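So the structure is just underneath, and the comments pick up after that.
The values are calculated or read from the model by the stated rules, or taken from the named source; none is laboratory data. The structure displayed is predicted, hence computed values, not measured ones. Ideal geometry is used to build each Cβ from the backbone, glycine not excepted, and the neighbour counts take in all protein chains shown. Only protein heavy atoms, including side chains, enter the accessible area calculation; ligands, DNA and RNA are left aside. Shrake-Rupley method; radii C 1.70, N 1.55, O 1.52, S 1.80 Å.
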Amino acid sequence: MLAVIGCAALSGFARAAEGGPTEPGAPGALPAAASDGRPDAGWVADTARATDVPARALEAYARADLTLAAAEPGCGLRWALLVGVGSVESGHGTYGGSAVHDDGLAHPPILGPALDGRPGFASIPASPASTAMHGDPVWDHAVGPLQFLPSTWDRWGSDGDGDGDRDPHDLDDAALAAGRYLCASGGDLTTDDGLRRALLAYNRSVEYGELVRARASAAAKAAD
């Protein structure tokens, strides 16, 4: 399960989406691809301007979309859904003054609050392996721009940029891992039921799911 920070500043398209209607299924069209299979640079630049999503973050979401379109075509995950998730989780890696650099890493690293059982928080003790990810020897924290719990990353961690490493602080890796998790949880994300299942698995909050869907729909519409 993933934890949401919920403190990210809203961009222009996200503000317009608050309280607005959502569409069934995962919104958006497949991003344009370059000859090497990566997202087309022109598409990334144009879509980033239209949606007010940082281009480096959008590239990571689009790369995950293209990868999963080939590996799991029955899922139907689109980049715009990852925009919605990334917006809510960390403002696309900008929470707390962080930023996603050219290498895909969020600097400084983004850590969620201690999961110490206080009101509104789960109680999850740290393990030696999870401490190595977030530095707290007592309590677990969600980590990275998409806020993976260490135990979830152990299962779904992915190498989204092909550098041989799986790093939850690398948005390329985190976006592919999130996409795989959503596909496994929801099945066909082009259906309303599938998308709802996926988002409830990602975060057990109906309000969270509706906010993600609203922001995803807004991004897809802005890019049309």
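Look at region 119-140: where a residue is part of a helix (DSSP H, G or I) and a partner is of a type in the set (Val, Ile, Thr) and open to solvent by less than 80 Å² (accessible area, probe 1.4 Å), sitting 6+ places away or on another chain with Cβ atoms under 8 Å, you get Met133/Val143; His134/Val143. Of the numbered criteria (1) aliphatic (A, V, I, L, M); (2) in a loop (DSSP other than H, G, I, E, B); (3) modelled with pLDDT under 95; (4) surrounded by 13 or more Cβ atoms within 10 Å (Cβ to Cβ), the one Ala9 fails is (4). Of the residues Ser123, Ser185, the single one that is more than 25 Å from Thr51 (Cα to Cα) and in contact with a Lys or Arg (Cβ under 9 Å, 6 or more places away or on another chain) is Ser185. Candidates Thr22, Thr51: the one that is at pLDDT 95 or above and among the hydroxyl-bearing types (Ser, Thr, Tyr) is Thr51.
Residues that are open to solvent by 60 Å² or more (accessible area, probe 1.4 Å), over 24 Å from Ser205 (Cα atoms) and of a type outside the set (Gly, Ala, Ser) within region 78-111 comprise His101, Asp102, Asp103, His107, Pro108, Pro109, listed in sequence order. For Gly164, the test of being under 30 Å from Asp36 (Cβ atoms) and in contact with a helix residue (DSSP H, G or I) (Cβ under 9 Å, 6 or more places away or on another chain) is failed.
Residues in region 35-77 that are touching a residue at least 24 places away in the same chain (Cβ under 8 Å), open to solvent by less than 20 Å² (accessible area, probe 1.4 Å) and in a helix (DSSP H, G or I): Thr47, Thr51, Ala57, Leu58, Ala60, Tyr61, Ala62, Ala64, Asp65, Leu68.
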